[in-house]
Amino acid sequence: MTAAPFPVGQRDYSLVGPDSRRAVEIGLASAEWYHSDVPRAVMKDLMKRTDGPAIRDTILWFALLIGGAWGGIYFWGTWACVPFLFVYSVIYGSSCDSRWHECGHGTAFRTPWMNDVIYQIASFMVMRNPVTWRWSHARHHTDTYIVGRDAEIAWMRPPKTLTNFLALFDVIGATRSLLILARNATGRLTPDEKDFVPESEWGKMILAARIHMAIYAATIAVALATWSWLPLMLIGLPRIYGSWHMVMCGHLQHAGLAENVLDHRLNTRTVYMNPISRYIYWNMNYHIEHHMFPMVPYHALPRLHEVIKADLPPPNLSILDGYREVFASLRRQKTDPEYYLRKTLPPSAKPYREEFHTLNIARSGT
Amino acid sequence: MPQWIRACATDDINPEDLIRFDHDGDTYAIYHAPDGRFYATAGRCTHEDVHLCDGLVMGHLIECPKHNGQFDYRTGEAKRLPVCVNLKTFPVKVEAGAVFIGLT
């Protein structure tokens, strides 16, 4: 492919604008991406589905939710409720994202209904329309960080650092999510939503939004009837005061890396994390591996990492290490939106796929 | 009448697995079911045009490697979102240790 690289300048991140049309024209949309070589027998073993790990993790998930809620209710009005609500809120407001994600892929459990039930519960917790987001996430995997195609680009250039880090206590994101659900519940869909969600699913989108909004309305009614914040502290607000871990991990996935490339090693980041964060995040810290092979379940990602790490850029060694890199890159992007961090591959790795972004490579940092 | 094209040897595909077969500019997927039978479908997912040959065969389902949509490869029926459009299937016969796909 010898098409010209993307022009330097302002980007249009909408899914119906000029960048979207250009991505289609030059073959960046729905393209074939680079994959590390993995022997078929090894890949089949990695892809194999099983219920065991996700059932174990889900029992613990519910135990933490129920235990946290119990302590929050029992000790409500005293300082003793704080540690319980801290645990409850992180399990509700952060781990909901990884459960939504893995069950949306259908890889967490072998049994389909288990994936579907947890997907619906987690979608409610994370305030996402379960229909819309299934499709937007499919597009995120098809066209990862392709401008005008990917509806889930968190760090648009030039980056708005303050806005994105205010999201650590996700007031902006949660409010936006709630407004989207409210709009969907009235039957209104945006052009972007109509672009990536098939028309056959629009009715289900609206129904799901109405169910979510009905639950929130009932929670508010109970809060008013009891004249207490407690119902809202248990339903809805944990999406704000417990989302810090989700946001902290989520920003590491792609921030400061390349756009408009067809090689996940250039636009995605793998970060080594502590076991508690890996439980909350369901191993999505192995994010290059997940994007390259999305059919590998979360519990097999550490094994996949060992299989292909010689073909990947070196992972960040900790969350802090990842953020040092992210901040440095974002600082550059504020003044030079064309900049992105291009990591050096180990000698054992195959070269990056570069045919679409020769110009950007010349401007990138290492 | 279909034209029978040799796709592979029967032992080229492990049970509960598939391979890609390219012919005359088109790509197909040839399956070896757990019950020993062979099947053939179009080689690309109807959702986003991804090659199915890297996907996972589970029983009589093929899962797309990109978005985890699933088809019953015996009938081509779309079984799990995001796939909504059925997969085209082709007749298959096995003769003298080889798998033939019937193309019209």
Once fully extended, how much extra length lies between A:Lys194 and A:Ser318, figured as 0.36 nm per residue of separation less the alpha-carbon to alpha-carbon distance?
40.7 nm
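Give the average, rounded to an integer, of partner chain Cβ atoms located within 10 angstrom of each Cβ in B:71-82.
Details: counts 0, 0, 0, 0, 0, 0, 0, 0, 1, 4, 8, 12.
Average neighbour count from other chains, rounded to a whole number: 2.
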The distance between the Cα centres of segment B:44-97 and segment A:98-125, in whole Å, is 22 Å
Residues along segment A:49-65 losing 20 Å² or more of accessible surface when the other protein chains are present rather than the chain by itself (probe 1.4 Å):
A:Arg49
Restricting to Cα pairs under 8 Å and 6 or more apart, the percent relative contact order of segment B:3-103 works out to 28 percent
Percent relative contact order of segment A:18-363, based on C-alpha pairs within less than 8 angstrom and at least six residues apart?
23 percent
Could you check how much of the accessible area of segment B:3-103 is carbon and sulfur, as a whole percent, using a 1.4 Å probe?
44 percent
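Which entries of A:Lys48/B:Lys66; A:Lys309/A:Lys343; A:Lys309/B:Lys66; A:Lys194/B:Lys88; A:Lys44/A:Lys350; A:Lys194/B:Lys66 have Cα-Cα distances beyond 24 Å here?
Long pairs (Cα-Cα over 24 Å): A:Lys194/B:Lys88.
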I'd like the carbon and sulfur percentage of the solvent accessible area for segment A:18-363, probe radius 1.4 Å, heavy atoms only, ligands and nucleic acids excluded.
69 percent
How big a patch of accessible area, both sides summed and in Å² to the nearest 100, lies buried between B and A at a 1.4 Å probe?
1800 Å²
According to a simple spin-label model (label point 7 Å from Cα along Cα-to-Cβ), what is the distance in nm between A:Ala63 and A:Asp51?
1.9 nm
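How much accessible area per residue does the protein assembly as shown have, in Å², with a 1.4 Å probe? Write out the running numbers ahead of the final one.
Details: 20320 Å² over 470 residues.
Result: 43 Å² of accessible area for each residue.
Hey, can you list the DSSP H helices of chain A whose Cα span along the axis is 18 Å or longer and whose average Kyte-Doolittle score is at least -1.0? Present the calculation step by step, with values, prior to reporting the outcome.
Working: long enough: A:52-74 (33 Å, 0.97); A:112-125 (20 Å, 0.46); A:171-185 (21 Å, 1.04); A:202-226 (36 Å, 1.30); A:319-335 (25 Å, -0.60).
Result, helices passing both filters: A:52-74, A:112-125, A:171-185, A:202-226, A:319-335.
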Please flag any cysteine in the protein assembly as shown that has no other cysteine's Cβ under 4.7 angstrom from its own Cβ.
A:Cys81, A:Cys96, A:Cys103, A:Cys249, B:Cys8, B:Cys53, B:Cys84
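The values are calculated or read from the model by the stated rules, or taken from the named source; none is laboratory data. Quick caveat: nothing in here was measured; it's all calculated off a predicted structure. Methodologically, a virtual Cβ is constructed for each residue, glycine included, from the backbone with ideal geometry; neighbour enumeration extends over all protein chains shown. These accessible areas exclude ligands, DNA and RNA; they are computed on the full protein's heavy atoms, side chains included. Shrake-Rupley method; radii C 1.70, N 1.55, O 1.52, S 1.80 Å.
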